[in-house]
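A short write-up of the structure that comes next.
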Amino acid sequence: MLKSKTFLKKTRAGGVMKIVREHYLRDDIGCGAPGCAACGAAHEGPVLESQPLDPGSSLCPQPHYLLPDTNVLLHQIDVLEDPAIRNVIVLQTVLQEVRNRSAPVYKRIRDVTNNLEKHFYTFTNEHHRETYVEQKQGENSNDRNDRAIRVAAKWYNEHLKKLSAENQLQVIFITNDRKNKEKAIEEGIPAFTCEEYVKSLTANPELIDRLACLSEEGNGIESGKIIFSEHLPLSKLQQGIKSGTYLQGTFRASRENYLEATVWVHGDAEENKEIILQGLKNLNRAIHEDIVCVELLPKNQWVAPSSVVLHDDGQNEDDVEKEEERECILKTAVNEKMLKPTGRVVGIIKRNWRPYCGMLSKSDIKESRRHLFTPADKRIPRIRIETRQASTLEGQRIIVAIDGWPRSSRYPNGHFVKNLGQVGDKETETEVLLLEHDVPHQAFSQAVLSFLPQMPWSITEKDMKNREDLRHLCVCSVDPPGCTDIDDALHCRELANGNLEVGVHIADVSHFIRPGNALDQESARRGTTVYLCEKRIDMVPELLSSNLCSLRCNVDRLAFSCIWEMNHNAEILKTRFTKSAINSKASLTYAEAQMRIDSATMNDDITISLRGLNKLAKILKKRRIEKGALTLSSPEVRFHMDSETHDPIDLQTKELRETNSMVEEFMLLANISVAKKIHEEFSEHALLRKHPAPPPSNYEILVKAAKSKNLEIKTDTAKSLADSLDRADSPAFPYLNTLLRILATRCMMQAVYFCSGMDNDFHHYGLASPIYTHFTSPIRRYADIIVHRLLAVAIRADCTYPELTDKHKLSDICKNLNFRHKMAQYAQRASVAFHTQLFFKSKGIVSEEAYILFVRKNAIVVLIPKYGLEGTVFFEEKDKPKPQLAYDDEIPSLKVEDTVFHVFDKVKVKIMLDSSNLQHQKIRMSLVEPQIPGISIPTDTSNVAFNEPERKKKKLEK
């Protein structure tokens, strides 16, 4: 049966276009109930159970299926995902609405419907002859959809009567819409709210905790006193943005001060790019990463960013007067130049809430079901939840979702989602840091794995089409010890004409990952492999990352080769790119390669090749540095793990050898050569990487710090910075240059991926290169896979596809890659921080030499070279007399009593693990030398005082 809609549409040119939409109705769509004679075998995929063995409901004791409406699916997805809820009919109407309103929920519901154990059935009601409804005149689309859902529920109940008269199956309509529920009952459809149904499942009381709390009013412990001003409706916000009254931007909460935030304004306007918000009422219930609408306050109300550290540590504090007292602390007397545009949140354009990890702060009220949850991320406010499992969840890491934030509530309301495990447990903490940094880490799905090649795999004749056979070359790889995902290999040989041939051979991952399939989509979503201290979250399945794509020695592998002909002065005479087959003759570590280069007795082909590469690399590096490339520094650490417990037993900074630099030089050269080629071929849609030059203000701290040691750092160009860093040497203080380079690294901007057609500044500041991309690590970076595809098309080795030449699609891919890379970096740092805590937990208290990196108003930030560890020494502590502090921002320096601290001064600190706050255990540092009475800790302090928090912890764990 065919229905058609006809309507007229005005075109941009002013003409009229007639549009006809056809809608097919069928009568062969199955209901999903097995054994239904009326439907036959019309249904495909997951089906409902013929005898639903659902948890007994006191409201509906007979066997039944559930049919939820759109809002239940959107807001109660945590309940629906619970293993106790099975046999659910998901209507096409509902699924389409969810898809339009929330992509994350839509993905979750698709995952549930694909899980065969859950028995969720998707019913195509919009194309079923008996359940399709047309929109009536004057009826809005929302009411039409509600009616379509009720029609489908009614049809199901009548349809299932034919299935079995004696064993009566029912379909229960679940809706939180009061009017919709009343209409359903009038029409004879059994209907309940989600809360009513969940509370009737007496065998599963824990499900009640997972109910989203949706009433904006009530549910707050406090009285009905209004704390916050009302959020304006979206229509008014849009009008205000258009007229310039309001500004739209991303809300960024502060980690250090819960009463302060900034809003990064969207758009290209230079002025008012960053707006400060101070005080609870001005923050007006916005949460980190929300898209908000702000109103600028008059200039006489502008404030300066606060340097006060304030954490919301009250227990069940609903005392708003106390908050107002704290807000007064923020308003310190400041220079007028320091005042920044200040505003207040008037409305929310888009909530960007996610599930949050953290811990329960159990209520002091006995038998109370309402408790506060403290997120691990200090930028997120505490969340009020209802749970009956408080005593079980104490001391556990849990996940909570926010449901809403009423005007009369000091905190948002939320619900319990999942218990992750004991706080401090290695597996639990790793799971927390992956979730908090939004690192996709679930096992690869069957759909993804289905696109992997069949084993045993070998290179076929078909694979060799458009590919050179380079298996005869003496190729080898050089990597860190224990590396199994080997992306790159190298070779160097002398040609008959006396020149050198140098090849960089990169794993041909794009041969195995074809555009658009499930494996490609999953790799694109993950964006990068994430390396934690003792775990690797692969971007591609292990069969590829550690086997078929990994350029291991003595096996044939497919590669993408970049081959140069060079003279002995490392000048490139010819460059060519080719898909190839190689057979690596050796997989070496950096140390093994270095040993071969330095050995007087070894003269085999691999060693000769390595020496040639090393010689050329030194020339390339020298030339690069002369052009103004920066050699920066960051203290990287390596943990030595206990082979049985996998706990860190030693902590060292990573040692860099000549061979590290050798590999790096050729990877940089390959990346630059490929960048030029793909940009030549695809000027509008090459995927490139740029590193913007930092604004001059970023360098202030570096220039001042060098000046305090009578050194001059010039920052007008990358070359002048590189040269002045090279000159900044002090024979009496050899570590000074490293410290300056570490500080210079902190001044840098983040390097980002971009699409060449969407930007005109390609320059890479740190490498002093006019163009750059990533080509050399496709096993662990998705950007490189796209670059391989572009290069393959450029050399006619592979065919193109539409998305590859769509600059807007490419730009979206770049946005995701930049986000994933940033999050991977943060997750890696969090992993190092956690393992550092484990190390010092077992090591006890340690005293070490340190250098000051920054001076603050009440603290110094120090670096301990031995461990590559950074930490803060505070001079003001709770319940201790405050010392006399004098901070000078110009030098910068901090005077504590009679001792003055400058950047790069050498101090001695005591390091220990502070476990007084279970959720935020941290490394604490105290000053040992120079001696300051009442502040410095004597060197012979016994461990007792510092292990006090440990005793507290043990007490809590009982």
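The values are calculated or read from the model by the stated rules, or taken from the named source; none is laboratory data. Please read all numbers here as calculations on a predicted model, not as lab measurements. Virtual Cβ from ideal backbone geometry, glycine too; neighbours counted across all protein chains shown. Calculation scope for accessible area: heavy atoms of the full protein, side chains included, ligands and nucleic acids excluded. Shrake-Rupley method; radii C 1.70, N 1.55, O 1.52, S 1.80 Å.
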> So, in Å, what gap is there between the alpha-carbon centers of the stretch 799-853 and the stretch 508-525?
Replying inline: 22
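Counting only helical runs of four or more DSSP H residues, what would the 222 nm mean residue ellipticity of the chain come to if each run contributes -39,500 (n - 2.57) and the total is spread over all its residues? Could the numbers behind the result be given before it?
Values: 23 runs with 266 residues, N = 958.
About -8500 deg cm²/dmol.
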> Using modelled amide H (1.01 Å from N, peptide plane; none on Pro or chain starts), what sits under 5 Å from the amide H of K579, excluding residues fewer than 5 places away?
Replying inline: E468, S561
> Expressed in nm to one decimal, what extension gain is obtained for the pair R388 and Q51 from 0.36 nm per residue of sequence separation less their Cα-Cα distance?
Replying inline: 118.2 nm
>> So, for the chain, what is the accessible surface per residue at a probe of 1.4 Å, expressed in square angstrom?
In response: 48
> Near S587, within a Cβ-to-Cβ distance under 11 Å, what is the net charge of the other residues, with Lys and Arg +1 and Asp and Glu -1?
Replying inline: 0
> What ³J(HN,Hα) values, in whole Hz, does the Karplus curve 6.51 cos²θ - 1.76 cosθ + 1.60 give for the stretch 522-536 when θ = phi - 60°, with x put for Gly and Pro?
Replying inline: 5, 5, 5, 5, 6, x, 7, 7, 10, 9, 9, 4, 9, 7, 10
> Stretched out fully, how many nm does the piece from R178 to N547 gain, at 0.36 nm a residue minus the Cα gap?
Replying inline: 127.1 nm
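Per the 1.4 Å probe, what fraction of the accessible area of the stretch 78-132, in percent, lies on carbon and sulfur atoms?
Numbers: 1120 of 2420 Å².
Exposed carbon and sulfur together represent 46 percent of the surface.
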> Counting Lys +1, Arg +1, Asp -1, Glu -1, what net charge surrounds T836 among other residues with beta carbon under 11 Å of its beta carbon?
Replying inline: +3
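Using only Cα atoms, figure out Rg for the stretch 680-829 and give it as a multiple of 2.2 N^0.38 Å.
Taking N as the residue count of the stretch 680-829, the ratio is 1.29.
Highest mean first, what order results for 550-558, 798-806 on Cβ atoms within 10 Å? Write down the numbers at each step before the final one.
Numbers: 550-558: 17.9, 798-806: 14.4.
Per-residue mean Cβ counts within 10 Å order the peptides as 550-558, 798-806.
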> Which percent, to the nearest 5, of DSSP beta bridges fully inside the chain are antiparallel?
Replying inline: 85
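Among residues other than D605 whose Cβ falls under 10 Å from its Cβ, what is the net charge (Lys/Arg +1, Asp/Glu -1)? Could the numbers behind the result be given before it?
On the way: positive: R493, K585; negative: D604.
Its environment carries a net charge of +1.
Go ahead and run the numbers for FRET between C483 and Y887, Cβ-Cβ distance against an R0 of 51 Å, rounding to 0.05. Don't jump to the answer; show the numbers that get you there.
Numbers: r = 46 Å, r/R0 = 0.91.
That pair, C483 with Y887, gives E of 0.65.
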> What is the distance, in nm, between label points placed 7 Å from the Cα along the Cα-to-Cβ direction at K809 and at E712?
Replying inline: 5.5
> Amide H neighbours of H288 under 5 Å, counting only residues 5+ apart in sequence or on other chains, H built in-plane at 1.01 Å?
Replying inline: A253
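Hey, which of these cross-link pairs are over 29 Å Cα-Cα: K378/K910; K621/K843; K299/K709?
K621/K843; K299/K709
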> Using Cα-only point scatterers and the Debye equation, what is log10 of I(q)/I(0) for the chain at each q in 0.06, 0.08 Å⁻¹, rounded to two decimals?
Replying inline: -0.55, -0.99
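How far, in nm, would the chain grow between T872 and E849 when pulled straight, counting 0.36 nm per residue and subtracting the alpha carbon separation? Don't skip to the answer; put the middle values down first.
Details: separation 23, 0.36 × 23 = 8.28 nm, distance 1.38 nm.
That works out to 6.9 nm of additional length.
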> Any idea how far the Cα center of the stretch 696-772 sits from the one of the stretch 655-695, in Å?
Replying inline: 19
> Ordering D729, D487, D403 from largest to smallest accessible area (1.4 angstrom probe), what's the sequence?
Replying inline: D729, D403, D487
> Which percent of Cα-Cα pairs in the stretch 404-494 sits in each 5 Å bin, short to long?
Replying inline: 2, 7, 8, 10, 13, 13, 11, 8, 7, 6, 5, 3, 3, 2, 1, 0
> What FRET efficiency comes out for the pair Y735/S842, r = Cβ-Cβ distance, R0 = 35 Å, nearest 0.05?
Replying inline: 0.80
>> If amide hydrogens are placed 1.01 Å from N in the peptide plane, which non-local residues have theirs closer than 5 Å to the one on I89?
In response: L66, L67, Y121
> Which entries in K9/K809; K18/K136; K107/K815; K426/K535; K154/K181 show an alpha-carbon gap greater than 18 Å?
Replying inline: K9/K809; K18/K136; K107/K815
> Mind listing the phi-derived Karplus ³J(HN,Hα) values for the stretch 548-561, rounded to whole Hz, using 6.51, -1.76 and 1.60 with θ = phi - 60°, and x for any glycine or proline?
Replying inline: 5, 9, 5, 7, 6, 7, 6, 10, 6, 9, 7, 9, 10, 10
> How far apart, in nm, are two points set 7 Å out from the Cα along the Cα-to-Cβ line at T575 and at D604?
Replying inline: 3.3
>> Can you return the lysines within cross-link range of K585? Criterion is Cα-Cα under 22 Å, with same-chain partners fewer than 8 residues away left out.
In response: K615
>> Suppose the Debye formula is applied to equal point scatterers at every Cα of the stretch 398-450; what is log10 I(q)/I(0) at q = 0.16, 0.25, 0.29 Å⁻¹?
In response: -0.69, -0.98, -1.07
>> Through the Karplus equation 6.51 cos²θ - 1.76 cosθ + 1.60, θ set to phi - 60°, convert the phi angles of the stretch 391-400 into ³J(HN,Hα) values in whole Hz; use x for Gly and Pro.
In response: 5, 6, 7, 5, x, 10, 8, 10, 10, 10
> Mind listing the Cα extents of the stretch 475-633 along all three principal axes, in Å, largest one first?
Replying inline: 48, 38, 33
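Equivalent ellipsoid semi-axes for the stretch 457-497, as square roots of 5 times the alpha carbon gyration tensor eigenvalues: give them largest first, rounded to whole Å.
Values: eigenvalues 101, 85, 9 Å².
Calculated on Cα positions only, the semi-axes equal 23, 21, 7 Å.
Please state, to two decimals, what the Cα-based radius of gyration of the stretch 60-147 comes to when divided by 2.2 N^0.38 Å (N = residues). Write out the running numbers ahead of the final one.
Numbers: Rg = 13.7 Å, N = 88, 2.2 N^0.38 = 12.1 Å.
My calculation over the Cα atoms of the stretch 60-147 gives 1.14.
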